[in-house]
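Here the structure comes first, spelled out in structure tokens, and everything after it is commentary.
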Amino acid sequence: MARVGQSDYHAGFLAGELFAKEGAHHVLCVNHAPGAVFAEQRCSGLADSLKKAGGDSSALNIPWADATNPGKVTQAIQGALSSDPKIDGIFTLGSSVAMDAVRAAAQQGVAEKVKIGSVDLSSAVLNAIQDGKILFAIDQQPYLQGYYAVAILAQNARYGMHLVGQVATGPLAIDKANVDRVLKVNSEHHGIRGAL
Amino acid sequence: MVSAAHSDHGAVSARPRASQSAPAPGWTLISSLKRAIRRPEFGAFAGMILVYIFFAVAGKGGFLTLAGTANWMNTASELGVLAVPVGLLMIAGEFDLSVGSVIGASSMIVSIGNGLYSLPMWIAIVLAFVIGALIGLANGIITVSTRLPSFIVTLAVLFIVAGAALGFSRLFSGTTAVTLTPEGSARAIFGSQAAGFHVSILWWIAITAIASWILTQTPYGNWIFATGADRNAARSAGVPTDRVKISLFAATALGAVLVGVLQTIQYSGGDVTYGRDFVFDAPVAAVIGGVLLTGGYGSAIGVFLGSVIFGIVNMGIFYTGWNSDWAQLVLGTLLLLAVLGNNYFRKLALKGR
């Protein structure tokens with residue numbers, strides 16, 4: 001049977017390439033789920049890709065319970081920015097943490113210097129991409145993950161057919177070039193491209 | 001007589017004692033120092049100074065900047081707004097774990113009500129406080145009428161409210177997090193900031209001042225100590241212990257709603273997961289601040305200092321630049337040391353009486 005989804009390692013790797021292209025070589029990976037496989041893979045993909053581009057990355061682990069507190073996440077990122085002035089990029093692994101990073105960079109007064117990229121979409125993240133506050137968001141197209149998984153199962157149940165191996169729904173980069181279309185879909189069809 | 005309930009059972013009132021006789025000149029400084037050490041918040045005060053110095057040195061300078069100060073104060077203030085009423089409830093001998101999901105529920109009531117259904121912001125906020133008060137009353141009434149441990153009752157309510165918040169959020173909005181753009185007076189009162197310092201700091205100070213006044217200056221404050229020290233003795237002395245407990249459960253729930261409203265407006269959106277970190281952080285801050293887990297002893301100023309310590313340790317660690325894998329190890333160690341120190345000073349205080 002097939003797996004419909006995104007390779008988290010490649011999501012992180014693509015993020016590293018996008019950061020390097022914009023000149024960000026010292027990227028903080030904000031890990032709001034330390035120990036979870038998806039999160040570790042995204043951070044290690046980022047680290048490998050930046051290393052290839054001649055940069056590096058460091059991890060900021062936020063304990064699980066604290067990750068539900070936007071204030072603590074924002075302030076932890078501010079602390080990391082303050083302790084390491086080399087940081088010129090922040091990679092977040094979820095859309096709410098992405099907005100915390102935007103706030104942290106602004107409050108620390110480094111919004112101009114520090115580029116922000118994230119995994120997953122929300123209307124707040126999409127608006128921030130349009131405003132230039134977030135460089136990119138990596139879309140794993142969760143709607144397709146649900147849709148094709150059911151379609152594959154239905155065809156398997158009816159006819160015994162199925163796709164083989166990995167069906168990749170991501171990573172797909174959303175940036176200033178294509179964000180308008182995504183925002184339009186997000187406002188017309190809630191939940192298909194990004195959360196509210 | 002309430003004070004009779006205290007002395008009969010060897011329980012301790014946390015109220016500072018006035019000096020019995022005028023001290024001889026020259027001894028004034030030493031005796032006032034001795035008196036300060038015997039206050040229930042002295043241990044927490046000493047702990048605060050210690051962790052502050054620790055991170056002032058380890059925090060690479062960033063911790064001491066204005067932004068760094070705002071940073072730990074914001075965290076401490078959100079915690080303290082809730083930890084102070086939780087501390088009062090613990091002095092009366094009860095726990096409230098349900099606050100964790102009340103925060104998330106109230107953030108969704110405000111963000112769905114105002115953000116999706118276009119209710120006026122203030123109506124959404126009042127609705128959140130009313131529902132919160134009802135949850136608090138339910139906690140209190142179930143606890144006092146069944147005599148079950150409030151740890152279990154409020155743990156059950158923690159799950160019930162978390163499930164209800166998730167279910168109703170999905171029902172009304174189709175999602176579990178709603179973005180909001182708060183404006184006007186509600187923004188000013190719950191979400192304004194100056195130089196990075198959030199308005200929650202003012203709420204924190206005000207709530208501490210009121211709680212401290214209630215605890216030390218009113219008969220109701222005396223009832224709280226009496227209820228927590230020995231419920232039966234307090235009852236026979238005429239203290240309405242059930243009413244004391246129920247009203248304190250309502251107060252902790254209202255504190256939780258306030259945190260939910262502060263977070264929703266400060267961070268422009270609600271999320272059902274908000275508040276999970278408060279379930280244990282709030283009682284921990286109270287204990288660090290000198291409140292006894294068994295009830296009957298503590299102070300509002302102590303809980304205030306406990307939340308300062310928690311805020312400093314929780315946020316200071318990120319200024320050190322140490323590998324954040326170790327952050328919780330350091331947090332746990334420093335908190336243990338803070339409580340140990342506190343215990344030492346409390347024993348000193350009790351011996352001196």
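The values are calculated or read from the model by the stated rules, or taken from the named source; none is laboratory data. Every value quoted in this text rests on a predicted model; they were computed, and no experiment measured them. Ideal geometry is used to build each Cβ from the backbone, glycine not excepted, and the neighbour counts take in all protein chains shown. Ligands, DNA and RNA are stripped out before the accessible areas are found, and what is left, the full protein with its side chains, is counted by its heavy atoms. Shrake-Rupley method; radii C 1.70, N 1.55, O 1.52, S 1.80 Å.
Numbers below:
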{"item": "Whole-Å semi-axes of the range B:60-197's equivalent ellipsoid (Cα gyration tensor)", "result": "28, 24, 13"}
{"item": "Convex hull of Cα atoms in the range B:209-308, direction-averaged projection (nm²)", "result": "6.9 nm²"}
{"item": "Two-decimal ratio, the range B:250-353, of alpha-carbon radius of gyration to 2.2 N^0.38 Å", "result": "1.24"}
{"item": "Helical contribution to [θ] at 222 nm, DSSP H n ≥ 4, -39,500 (n - 2.57), averaged over chain A, rounded to 500", "result": "-15000 deg cm²/dmol"}
{"item": "Reduction of at least 30 Å² in accessible surface, 1.4 Å probe, comparing all protein chains with the chain by itself, residues of the range A:76-100", "result": "A:76, A:79, A:82, A:83"}
{"item": "Flagged links, alpha-carbon separation over 29 Å, of A:72/A:115; A:52/A:184; A:72/A:133", "result": "A:52/A:184"}
{"item": "Mean Cβ neighbour count within 10 Å, used as a protection proxy, ranking B:101-113, A:49-61, A:78-90, B:286-298 highest first", "result": "B:101-113, B:286-298, A:78-90, A:49-61"}
{"item": "Rounded to 10°, Cα long-axis angle of helix B:150-173 versus longest principal axis of chain B", "result": "20 degrees"}
{"item": "Globularity index of the range B:119-161, i.e. its alpha-carbon radius of gyration over 2.2 N^0.38 Å", "result": "1.41"}
{"item": "Residue with peak Gaussian network fluctuation, chain B [Cα springs, cutoff 10 Å], from B:158, B:89, B:79", "result": "B:158"}
{"item": "Extent along principal axes [Cα atoms of the range B:168-251; Å; largest to smallest]", "result": "53, 39, 18"}
{"item": "Antiparallel bridge percentage (DSSP; both residues within the range A:45-196; nearest 5)", "result": "35 percent"}
{"item": "Quotient of C-alpha Rg and 2.2 N^0.38 Å, computed over the range B:116-256", "result": "1.29"}
{"item": "Heavy atoms of residue B:322 accessible to a 1.4 Å probe, total area in Å² rounded to 10", "result": "120 Å²"}
{"item": "Convex hull projection area averaged over all views, the protein assembly as shown, Cα basis, nm²", "result": "28.6 nm²"}
{"item": "Cα-only radius of gyration and Dmax that characterise the range B:304-353, units Å", "result": "13.8, 46"}
{"item": "Over the range A:86-132: Rg over Rh, Cα atoms, Kirkwood Rh", "result": "0.93"}
{"item": "Contact order normalised by residue count of chain B, Cα under 8 Å, 6+ apart, percent", "result": "37 percent"}
{"item": "For the range B:190-310: relative contact order, % (alpha-carbon pairs under 8 angstrom, 6 or more apart)", "result": "27 percent"}
{"item": "Residue of A:137, A:11, A:67 that the Gaussian network model of chain A assigns the largest fluctuation, springs spanning Cα pairs under 10 Å", "result": "A:67"}
{"item": "Degrees separating the helix B:121-146 axis from the principal Cα axis of chain B, which is the longest one", "result": "50 degrees"}
{"item": "Sequence of A:118, A:123 from largest to smallest accessible area, 1.4 Å probe", "result": "A:123, A:118"}
{"item": "Mean shadow area of the range A:47-196 over all directions, Cα convex hull, nm²", "result": "11.3 nm²"}
{"item": "Only Lys, Arg (+1) and Asp, Glu (-1) charged, at Cβ; the protein assembly as shown dipole about Cα centre in debye", "result": "1320 debye"}
{"item": "Dmax and Rg, reported as Rg then Dmax, of the range A:142-193 (C-alpha, Å)", "result": "14.6, 43"}
{"item": "Relative contact order (%) - criterion: Cα under 8 Å, at least six apart; region: the range B:80-146", "result": "21 percent"}
{"item": "Estimated [θ] at 222 nm from DSSP helical runs (n ≥ 4, -39500 (n - 2.57)) normalised by residues in chain B, nearest 500", "result": "-23000 deg cm²/dmol"}
{"item": "The protein assembly as shown: antiparallel DSSP beta bridges as a percent of all, rounded to 5", "result": "30 percent"}
{"item": "Surface per residue (accessible, 1.4 Å probe) for the protein assembly as shown, Å²", "result": "43 Å²"}
{"item": "For the protein assembly as shown, with +1 on Lys and Arg beta carbons and -1 on Asp and Glu, the positive-most of B:260, A:143, B:136 along the dipole", "result": "B:136"}
{"item": "Kirkwood Rh, Cα atoms: Rg over Rh of chain B", "result": "0.99"}
{"item": "Rg over Rh, two decimals, the range A:47-108 (C-alpha only, Kirkwood Rh)", "result": "0.98"}
